[in-house]
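I have placed the structure first, in the form of structure tokens, so that the comments after it can refer back to it.
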Amino acid sequence: MHSDRFALEIWGRSSFRICGRAGQLTTIVCAVLAGIGVLLAGNLPWVALLAPLNLRLLPVVPWAIAPMAIYLVLYWRYIGGRIGSPGTAEMRRARLRANPLAPDVWIMAIFTGLVGFGALLALVAVMARLVMLPESAPIAAPAGMPRLTVFLLLVMSSIVAGVTEEAGFRGYMQGRIEQRYGLPTAILVNGALFGLLHFPNHPGAVISMLPYYISVAAVYGGLTWASNSILPALVLHVAGDIWSLTRLWATGRPEWQLSTTAPQLLSETGADASFFVATAALIVLVAATCRLCWSLRHSRH
């Protein structure tokens, strides 16, 4: 009799652990699927339909911007709970996390994000000495397309990417994971998926570029955590994409290639002064970004 009770107790504890782990996995899987669904719902009409059509039909005019802008407004209002079923409106509003901010919080958040961008540049400088960073496919416009049209389409691409990626990754995906497991786990999950999303940019260097994309997600995700809103990260994401896409179009170099010539690897030169300076700058800027995020979170309260 006692042995039966003991067996039942062991079985109960084991079942509880299994169910607990299943619940944890379910939370992450549901958050990931929701984030990817939000991303694709906003991104695919531009990437798969409107932008390619604009390159083939009447390419001298950026006509695809107007229908995409209308769609993006409706998309934003739906995932933010302003239109659609009233029964899920509050849930969608909370998941999007597009909370309004006071002007002083806005200023501090943008400054924090810019310091985070500085840390990313220092990280790229360090990574370029450790591994060979990949090339990126150049942006080619159809013959006869005016430069202004190309630029406007790149701006629209940046807006679509910034809105949909922040809504999907930092809103719907990060929020649920962050609430249950904390910020580091949330950043690691959405950062890894954020990197895999960009594999077409460098299909042969997906793994080596993951630290960069996880770091990008850490800047945007930390800023969202600190301000309790995706809006500052969204603004910085759009601005950063406009800069990186325009630079790629004009120079053929992605944002992780800081100069026309690749720096020599440490395996060839050994540690030198420039590497130590870049490493020191990285440490200082990462510490400053973390400190600013912490201050931003407390000043918001």
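The values are calculated or read from the model by the stated rules, or taken from the named source; none is laboratory data. All values reported here derive from a predicted model rather than from experimental measurement. Positions of Cβ are backbone-derived with ideal geometry, glycine not excepted, and every protein chain shown enters the neighbour counts. To get the accessible areas, we keep the full protein, side chains included, count just its heavy atoms, and leave off ligands, DNA and RNA. Shrake-Rupley method; radii C 1.70, N 1.55, O 1.52, S 1.80 Å.
Which net charge results when you count Lys and Arg as +1 and Asp and Glu as -1 among the other residues whose beta-carbon is under 14 Å from that of V235? Mind showing how you got there, number by number?
Numbers: positive: R170; negative: E165, E166, D241.
Computed value for this residue: -2.
Nearest 10 degrees is fine. How inclined is helix 273-300 to the longest principal axis of the chain, computing both from alpha carbons? That helix lies at roughly 60 degrees to the long axis.
Would you work out if the stretch 191-232 is rounded, prolate or oblate? Take a ≥ b ≥ c from the square roots of the eigenvalues of the alpha-carbon gyration tensor; rounded if a/c is under 1.5, else prolate when a/b is larger than b/c, oblate otherwise. Kindly include the intermediate steps, with their values, before the conclusion.
Numbers: a/c = 4.04, a/b = 2.70, b/c = 1.49.
Prolate, since a/c reaches 1.5 and a/b exceeds b/c.
Placing unit charges on the Cβ atoms of the charged side chains and taking the dipole of the stretch 29-169 about its Cα centre, the candidate lying farthest along the positive direction among F111, V29, M91 is M91. In this view, the solvent-accessible surface of E135, computed with a 1.4 Å probe and all protein chains in place, comes to about 130 Å².
Mind pulling the angle between the C-alpha long axis of helix 147-165 and the longest principal axis of the chain? Nearest 10 degrees, somewhere in 0 to 90. Here the helix axis deviates by roughly 10 degrees.
Charges were assigned to the Cβ only: +1 to each Lys and Arg, -1 to each Asp and Glu. The resulting dipole of the chain about its Cα centre is roughly 740 debye.
Rolling a 1.4 Å probe over the protein heavy atoms of the stretch 141-185, with every protein chain left in place, gives an accessible area that is 62 percent carbon and sulfur. How much net charge surrounds I28 when only other residues with a Cβ under 10 Å from its Cβ are counted (Lys, Arg +1; Asp, Glu -1)? So the environment of I28 carries a net charge of +2. Helix 86-96 and the longest principal axis of the Cα set of the chain meet at an angle near 70°.
In the context of the full set of protein chains, the chain has a per residue accessible area of 52 Å² (1.4 Å probe).
In a simple Cβ point-charge model (Lys, Arg +1; Asp, Glu -1; nothing else charged), the stretch 162-279 has a dipole of about 240 debye relative to its Cα centre.
Calculated from DSSP H runs of 4 or more alone, at -39500 (n - 2.57) each and per residue, what is the 222 nm mean residue ellipticity of the chain, nearest 500? Per the formula, -25000 deg cm²/dmol.
Quick check: from the Cα gyration tensor, does the stretch 49-167 come out rounded (a/c under 1.5), prolate or oblate?
oblate
Can you give the FRET efficiency to the nearest 0.05 for R147 and A205, using r as the Cβ-Cβ distance and R₀ = 25 Å? Don't skip to the end; give the middle numbers.
Numbers: r = 30 Å, r/R0 = 1.21.
Rounded to the nearest 0.05, the efficiency is 0.25.
With a Förster radius of 35 Å applied to the C-beta separation of T185 and I107, the computed FRET efficiency comes to 0.70. Pull out a ≥ b ≥ c, the square roots of the eigenvalues of the alpha-carbon gyration tensor of the chain, then state rounded if a/c is under 1.5, prolate if not and a/b is larger than b/c, and oblate in the remaining case. Oblate, since a/c reaches 1.5 and b/c is not below a/b.
Full extension from E135 to R297: what is 0.36 nm times the residue separation minus their Cα-Cα distance, to one decimal in nm? The partial results should precede the final answer.
Details: separation 162, 0.36 × 162 = 58.32 nm, distance 3.75 nm.
Extending this stretch completely gives an extra 54.6 nm.
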